[in-house]
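Below is one structure, written out as structure tokens; the observations come after it.
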Amino acid sequence: MVRPGAVGAVCASSRYLAARMAAHVEQDGPAVVLELGGGTGAITAALLARGVPPGRLVVVEHAAPLARHLRQRFAGVHVIHGDAADLAQLRQRPGWPADGQGQPLPVGHIVSSLPLLSIPPTARGRILAAGRQALAPDGRLVQFTYALRGPSPWQQAGLAVQVRERVLRNLPPARVDVLRHG
Ligand SMILES: C[S@@+](CC[C@H](N)C(=O)[O-])C[C@H]1O[C@@H](n2cnc3c(N)ncnc32)[C@H](O)[C@@H]1O
């Protein structure tokens, strides 16, 4: 059970923002949708409603109580209690969706609600490098931010913005960026 006031509860996205994030996921082929910063699961729920199969959805959450909550709420989704900066190692752990030969499936989409602008530069740099490396060559990364202007931190990591939209039906209003490898 997650207490009201716990970290994810105070920053839960509206269902409109969650739906706009999920709308940019177009799954075709054997790849994983990787959510970074699952919180209480607003975006996880929207990804499942979008049609992402639970067995192809991986959620990384840093806060242990929230990771436990996500596991209880979403049966069949692979929830990892860990740091998004450690993606390379997390992909090798048992439980990551695998192909017939036991190789970890590639990451076709990253859907991130990590508060990148609040994370100290060194840690942020590690997350950006790990995310860029994990994303398949033709993959797509979706990130929301409350900063309505300015570049996406993912551009510093070499990704290029394809789509940018504002979502006003969220408190506070948010921006959704969709990026690909440059
Ligand atoms: C802004 S909240 C978003 C929660 C939820 N996805 C939503 O949209 O309602 C950000 C979440 O990212 C998690 N987080 C922060 N840094 C992280 C990291 N380095 N690795 C994994 N999760 C992290 C926090 O614990 C928090 O649950």
Inset, instruction - Say whether the condition of being over 19 Å from THR44 (Cα atoms) and within 14 Å of the chain's Cα centre (by Cα) is met by at least one residue in segment 104-115. - result: no
Inset, instruction - State which residue pairs qualify: first residue touching a residue at least 24 places away in the same chain (Cβ under 8 Å) and inside segment 63-87, second residue part of a helix (DSSP H, G or I) and polar (S, T, N, Q) in any location, beta carbons under 8 Å apart, and separation of 6 or more residues or different chains. - result: LEU70/THR44; ARG73/THR44; PHE74/THR44; VAL77/THR44; LEU87/GLN133
Inset, instruction - Taking GLY131 as the residue in question, decide whether it is assigned to a strand (DSSP E or B), at pLDDT 95 or above and within 19 Å of ILE43 (Cβ to Cβ). - result: no
Legend entry - Condition met for GLY102 (at positive phi and either surrounded by fewer than 16 Cβ atoms within 10 Å (Cβ to Cβ) or not in a strand (DSSP E or B) (or both)): yes
Legend entry - Residues that are more than 9 Å from the ligand (Cβ to nearest atom) and either in a strand (DSSP E or B) or out of contact with any helix residue (DSSP H, G or I) (no Cβ under 9 Å at 6 or more places or on another chain) (or both), drawn from segment 27-50: ASP28, GLY29, VAL32, VAL33, LEU34
Inset, instruction - Run TRP96 past the list (1) in a loop (DSSP other than H, G, I, E, B); (2) under 23 Å from GLY29 (Cβ atoms); (3) out of contact with any Leu (no Cβ under 8 Å at 6 or more places or on another chain) and report the number of the one that doesn't hold. - result: (3)
Inset, instruction - Can you give me the number of residues within segment 51-66 that are near the ligand (Cβ under 9 Å from one of its atoms), crowded, with 19+ Cβ neighbours inside 10 Å and among the aliphatic types (A, V, I, L, M)? - result: 3
Inset, instruction - Taking only segment 45-68 into account, find how many residues are under 21 Å from ALA19 (Cβ atoms) and not hydrophobic (A, V, I, L, M, F, W, C). - result: 6
Legend entry - Odd one out for ARG124 among (1) near the ligand (Cβ under 10 Å from one of its atoms); (2) within 22 Å of ARG20 (Cβ to Cβ); (3) among the basic types (Lys, Arg): (2)
Inset, instruction - Could you look through segment 67-88, keep only residues that are small (Gly, Ala, Ser) and crowded, with 17+ Cβ neighbours inside 10 Å, and pick out the one that is farthest from the ligand (Cβ to nearest atom)? - result: ALA67
Legend entry - Residue selected from segment 17-26 under the condition within 12 Å of the ligand (Cβ to nearest atom) and either within 24 Å of ASP86 (Cβ to Cβ) or without any contact (Cβ under 8 Å) to a residue 40 or more places away in the chain (or both), by the criterion farthest from the chain's Cα centre (by Cα): ALA19
Inset, instruction - Name the residue, out of PRO97, PRO137, that is away from the ligand (no atom under 16 Å from the Cβ), more than 15 Å from the chain's Cα centre (by Cα), crowded, with 16+ Cβ neighbours inside 10 Å and not aliphatic (A, V, I, L, M). - result: PRO97
Inset, instruction - Confirm whether PRO115 is within 14 Å of the ligand (Cβ to nearest atom), at pLDDT 95 or above, surrounded by fewer than 22 Cβ atoms within 10 Å (Cβ to Cβ) and under 27 Å from SER14 (Cα atoms). - result: yes
Legend entry - Checking ILE43 against (1) more than 20 Å from ALA67 (Cβ to Cβ); (2) touching a strand residue (DSSP E or B) at 6+ places or on another chain (Cβ under 7 Å); (3) modelled with pLDDT of 95 or more, the condition it does not meet: (1)
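The values are calculated or read from the model by the stated rules, or taken from the named source; none is laboratory data. This one's a predicted model, so the numbers in the text were calculated from it and none came from an experiment. Because the Cβ atoms are built from the backbone with ideal geometry, glycine has one as well, and the counts that use them run over all protein chains shown.
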